[in-house]
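Enquirer: Structure in structure tokens, see below.
The values are calculated or read from the model by the stated rules, or taken from the named source; none is laboratory data. Being a predicted model, the structure only gives us computed values, none of them experimental. Ideal geometry is used to build each Cβ from the backbone, glycine not excepted, and the neighbour counts take in all protein chains shown. Ligands, DNA and RNA are excluded from the accessible area calculation, which covers all protein heavy atoms including side chains. Shrake-Rupley method; radii C 1.70, N 1.55, O 1.52, S 1.80 Å.
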Amino acid sequence: MRTQLAVAVAGLGLFLGAAVPISAHHAFAAEFDANKPVNFKGTVTKMEWTNPHVWIHLDVKQPDGSVEKWSVEAGTPNVLFRRGFTKQALLPGTEIVVDGYQARDYTLKRANGRNVTYPDGRKLFLASSAPDAEK
């Protein structure tokens, strides 16, 4: 009896543990606004290679000289690796232009990234989940 109870509790734990990542993931339209494209130049401060999405953090200089701290959501680490990204692709200090979509909460300096462009013109697709993104 005790063994059956332990197996049932373990099975329930595995089931609930598997459900958490699924519920934590979101659809593009739930968090980002496809009608609010953004395009800005910034300097990478950090890149977080986490699941389910990679995050690029940037300092974006404003015309008045102030700096806004932006966070840009990219695709999964696996997808970015397959598209040519490496962990060395966007080191702190790298200047890039970000093309993407603003968060629905406009008070946040957050976007879903579509592409990044380097100063030399090279472009990398960020595996955006936007409806019009490359597949």
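Enquirer: Inspect the stretch 56-72 for any residue being outside any loop (DSSP other than H, G, I, E, B), within 17 Å of Phe125 (Cβ to Cβ), open to solvent by less than 20 Å² (accessible area, probe 1.4 Å) and touching a His at 6+ places or on another chain (Cβ under 7 Å) and give the result as yes or no. Walk me through it before giving the result.
Expert: Here is the first cut: in the stretch 56-72, the residues outside any loop (DSSP other than H, G, I, E, B) are 56-61, 67-72.
Keeping just the survivors that are within 17 Å of Phe125 (Cβ to Cβ) gives 56, 72.
This time we only want the ones that are open to solvent by less than 20 Å² (accessible area, probe 1.4 Å), so: 56, 72.
So of that shortlist, the ones also touching a His at 6+ places or on another chain (Cβ under 7 Å) come out as none.
Looking through the stretch 56-72, none of the residues is outside any loop (DSSP other than H, G, I, E, B), within 17 Å of Phe125 (Cβ to Cβ), open to solvent by less than 20 Å² (accessible area, probe 1.4 Å) and touching a His at 6+ places or on another chain (Cβ under 7 Å).
Enquirer: Related question: Taking the options Ala103, Ala130, name whichever one is open to solvent by less than 10 Å² (accessible area, probe 1.4 Å), in contact with a strand residue (DSSP E or B) (Cβ under 7 Å, 6 or more places away or on another chain), within 16 Å of Phe32 (Cβ to Cβ) and modelled with pLDDT under 90.
Expert: On inspection, the qualifying residue turns out to be Ala130.
Enquirer: Among the residues of the stretch 5-53, what is the count of those that are modelled with pLDDT of 65 or more and not aromatic (Phe, Trp, Tyr)? Step through it out loud before you land on a result.
Expert: Filtering the stretch 5-53 down to residues modelled with pLDDT of 65 or more leaves 27-53.
Filter again for not aromatic (Phe, Trp, Tyr), leaving 27, 29-31, 33-39, 41-48, 50-53.
Summing the residues that are modelled with pLDDT of 65 or more and not aromatic (Phe, Trp, Tyr) in the stretch 5-53 gives 23.
Enquirer: Let me ask you something else. Across the stretch 106-126, which residue is surrounded by the fewest Cβ atoms within 10 Å (Cβ to Cβ) among those that are within 12 Å of Val38 (Cβ to Cβ) and charged (D, E, K, R)?
Expert: Lys109
Enquirer: Also: I'm told Met47 meets every condition in (1) farther than 20 Å from Phe28 by Cα; (2) within 12 Å of the chain's Cα centre (by Cα); (3) open to solvent by 50 Å² or more (accessible area, probe 1.4 Å) except one. Can you identify the failing condition by its number?
Expert: So the condition that Met47 fails would be (3).
Enquirer: Looking at Arg110, Arg82, Arg104, Arg122, which one is under 12 Å from the mean Cα position of the chain (by Cα) and of a type outside the set (Asp, Glu)? Reasoning before the result, please.
Expert: Working: Arg82 fails: under 12 Å from the mean Cα position of the chain (by Cα); Arg104 fails: under 12 Å from the mean Cα position of the chain (by Cα); Arg122 fails: under 12 Å from the mean Cα position of the chain (by Cα).
Of Arg110, Arg82, Arg104, Arg122, the one residue that is under 12 Å from the mean Cα position of the chain (by Cα) and of a type outside the set (Asp, Glu) is Arg110.
Enquirer: Also: Do you know which residues across the stretch 85-99 are open to solvent by 50 Å² or more (accessible area, probe 1.4 Å), assigned to a loop (DSSP other than H, G, I, E, B) and not hydroxyl-bearing (Ser, Thr, Tyr)?
Expert: Kept after step one, since they are open to solvent by 50 Å² or more (accessible area, probe 1.4 Å), are these residues of the stretch 85-99: 86-88, 91-93, 95.
With assigned to a loop (DSSP other than H, G, I, E, B) added as a condition, the list becomes 86-88, 91-93.
Answer for the stretch 85-99, where residues must be open to solvent by 50 Å² or more (accessible area, probe 1.4 Å), assigned to a loop (DSSP other than H, G, I, E, B) and not hydroxyl-bearing (Ser, Thr, Tyr): Lys87, Gln88, Leu91, Pro92, Gly93.
Enquirer: Is at least one residue of the stretch 61-68 modelled with pLDDT of 95 or more, in contact with a strand residue (DSSP E or B) (Cβ under 8 Å, 6 or more places away or on another chain) and aliphatic (A, V, I, L, M)?
Expert: yes
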